[in-house]
Amino acid sequence: MPGIKLGTKVLNINWTGNQWAVKSQKVNTGAVTTEYFDKVCVATGNFFAPKWPKLEGLDNFAGRVIHSIDYHKPEEFKDQRVLLVGMHATAQDVTNSLSKAAKHVYLAHRSGLILLPRYDDNGATSDQAATLRFSLFMAFMYRHLPILWNWLFNKLLNTISAKAFPNLPKEWGIRPAPHLAVSTPLFADTLWPHLQSNFAEPIPAIQRITGPRSVELTNGRILQDIDSIIYCTGYDTNIPDGLIPHTTGTESLHPYPNNTVGSPPNLYRNIFPLHSDPSIRKSLAFLGHGNILLPGFIQFELNAMAISQVWLGRTLLPPHSDMLAWHEANLAERKHNFAYYNALPNSTYYPTFMNMGDHFKWVDDAAGTGLYRNLGMGMEWLNWRAWRFWWRDRELYGVVMGGVFTPFVWRLFEGGKRRAMAWGECREAILRENELAREGRGRVLEGKKRV
């Protein structure tokens, strides 16, 4: 497509007063060009700056020390004893890769972790449980009864975890886990076989590095003969320097101006800048910095739809004072959750997470999908439009509410802003997605039988 430029690096983005000047460079030729745009969306996400927690005595260590961002080949760690700092998704991926070459892996972690299975007993992937009906109800509960819902949801996931991964050794320190309100569970199917085989060993956090190849843990245990240390500690939220927009004024457009660990972005709805100039607020957006409890691609597409409707003028952003008030409320809620649920300092309490009960409805209205209008706020039986949908097409209604939560749902209803797909075309796509999911569940169950 002519509008897509591959092999091109953005050098800087500057506000001219009525347009955005974007300077870019072709990687293969070095040619630099400046182009002017009415709107700019920075869509890099926020996982950018590798997080390096300080380890006392690290200068004493004689082996290799890297962050997982620089891990590439397991052969580089052949027959080694490798110490991973952290125990989450990245540590799981690195452990699985190291199993092809390393001798042993230690997983140092500060707190417990909710381990969840990738598939349920019926062969469905875990995200298939997050149906539209469940998501709407969850948003309703977060809006009106957040403490009760957090307690129920945490209990549910811990019950699922105990069933899928029973009899975890106490010395692993995996249970009890921090509350899910401030800690993300891990889908641990890939890690589990390595834990069972004792190739990977969960251990307490690191107290200090005591020698060229020795490490002391917080429980007093000394690990000997450690060959390498790999930080699997995630990233601080940030974006590349060249993608930080600039203006001639004194107000910063950096979404993370203080680069404070764990701080949410300085954005309205984690999307739009909080700048005093309305022209800037309506022409600049950041995608990938606002999360709620929906599958990733589904919610980022919804956010993109909301941005497009704002830029088309069909959705109006609130006054600047209201945007600032929302941001202050978001900060206060996070501060409350951090204290109420006893989050560890510098823990992975993702700074881009927002209140689902508040944001889901806002972004749905902004995007103009008509979802809430036609299906209600988690209680569709009280919505006459939902009853009409059920009466019109009960099969489709059933899979929309209780089947796979597919992005085609965003295209089903006329919301008064964006144009919906033709009903028959959208219906066919939704049913096809659900049929593919059923076939996938069948393959998983067949594989379990063979095992």
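Is it the case, given these coordinates, that Asp364 is in contact with a helix residue (DSSP H, G or I) (Cβ under 6 Å, 6 or more places away or on another chain), modelled with pLDDT of 90 or more and either over 29 Å from Leu148 (Cβ atoms) or in a helix (DSSP H, G or I) (or both)?
The answer is yes for Asp364.
May I ask you to verify whether Ile298 is touching a helix residue (DSSP H, G or I) at 6+ places or on another chain (Cβ under 8 Å), without any contact (Cβ under 8 Å) to a residue 40 or more places away in the chain, β-branched (Val, Ile, Thr) and closer than 30 Å to Leu136 by Cα?
Criteria not met by Ile298.
Select from segment 20-44 the residues that are in contact (Cβ under 8 Å) with a residue 60 or more places away in the chain and assigned to a loop (DSSP other than H, G, I, E, B) and list them in ascending order.
Selection gives Asp38, Lys39, Ala43, Thr44.
Looking at segment 202-226 only, could you name the residues that are in a strand (DSSP E or B) and of a type in the set (A, V, I, L, M)? Can you show your working first?
To start, the set of residues in segment 202-226 that are in a strand (DSSP E or B) comprises 202-203, 206-209, 215-217, 222-223.
Matches in segment 202-226: Ile203, Ile206, Ile209, Val215, Leu217, Ile222, Leu223.
Is at least one residue of segment 389-400 over 30 Å from Val182 (Cα atoms), touching a Leu at 6+ places or on another chain (Cβ under 6 Å) and of a type in the set (Gly, Ala, Ser)?
No, the conditions are met nowhere in segment 389-400.
Can you tell me which condition His67 does not meet? The list is (1) surrounded by fewer than 17 Cβ atoms within 10 Å (Cβ to Cβ); (2) touching a Phe, Trp or Tyr at 6+ places or on another chain (Cβ under 6 Å), and all the others hold.
So His67 meets the others, but not (1).
For the subset of segment 380-415 comprising residues that are under 30 Å from the mean Cα position of the chain (by Cα) and part of a loop (DSSP other than H, G, I, E, B), which member is surrounded by the fewest Cβ atoms within 10 Å (Cβ to Cβ)?
Glu414
Quick check: is even one residue across segment 64-85 part of a loop (DSSP other than H, G, I, E, B) and aliphatic (A, V, I, L, M)?
Checking segment 64-85: not a single residue is part of a loop (DSSP other than H, G, I, E, B) and aliphatic (A, V, I, L, M).
Can you pull out every residue in segment 90-105 that is buried (at least 20 other Cβ atoms within 10 Å of the Cβ) and outside any loop (DSSP other than H, G, I, E, B)?
Scanning segment 90-105 gives Thr90, Ala91, Gln92, Val94, Thr95, Leu98, Val105.
Starting from segment 317-332, keep only residues that are at pLDDT 95 or above, then list their pairs with residues that are small (Gly, Ala, Ser) and exposed (fewer than 14 other Cβ atoms within 10 Å of the Cβ) whose Cβ atoms are within a distance under 7 Å, requiring at least 6 positions of separation or different chains.
His320/Ser276
Considering only residues of segment 177-221 that are aliphatic (A, V, I, L, M) and closer than 27 Å to Asp121 by Cβ, which is surrounded by the most Cβ atoms within 10 Å (Cβ to Cβ)?
Among those that are aliphatic (A, V, I, L, M) and closer than 27 Å to Asp121 by Cβ, it is Ala200.
For segment 12-62, what are the residues that are under 30 Å from Leu223 (Cβ atoms) and surrounded by fewer than 16 Cβ atoms within 10 Å (Cβ to Cβ)?
Residues of segment 12-62 that are under 30 Å from Leu223 (Cβ atoms), as a first pass: 47, 49-62.
If the condition is that a residue be under 30 Å from Leu223 (Cβ atoms) and surrounded by fewer than 16 Cβ atoms within 10 Å (Cβ to Cβ), then Pro50, Trp52, Pro53, Lys54, Glu56, Gly57, Leu58, Asp59, Asn60, Ala62 are the ones that fit.
The values are calculated or read from the model by the stated rules, or taken from the named source; none is laboratory data. Keep in mind that what you see is a predicted model, and the values were worked out from it rather than measured. When we count neighbours, we look across all protein chains shown, and the Cβ atoms used for this are built from the backbone with ideal geometry, even at glycine.
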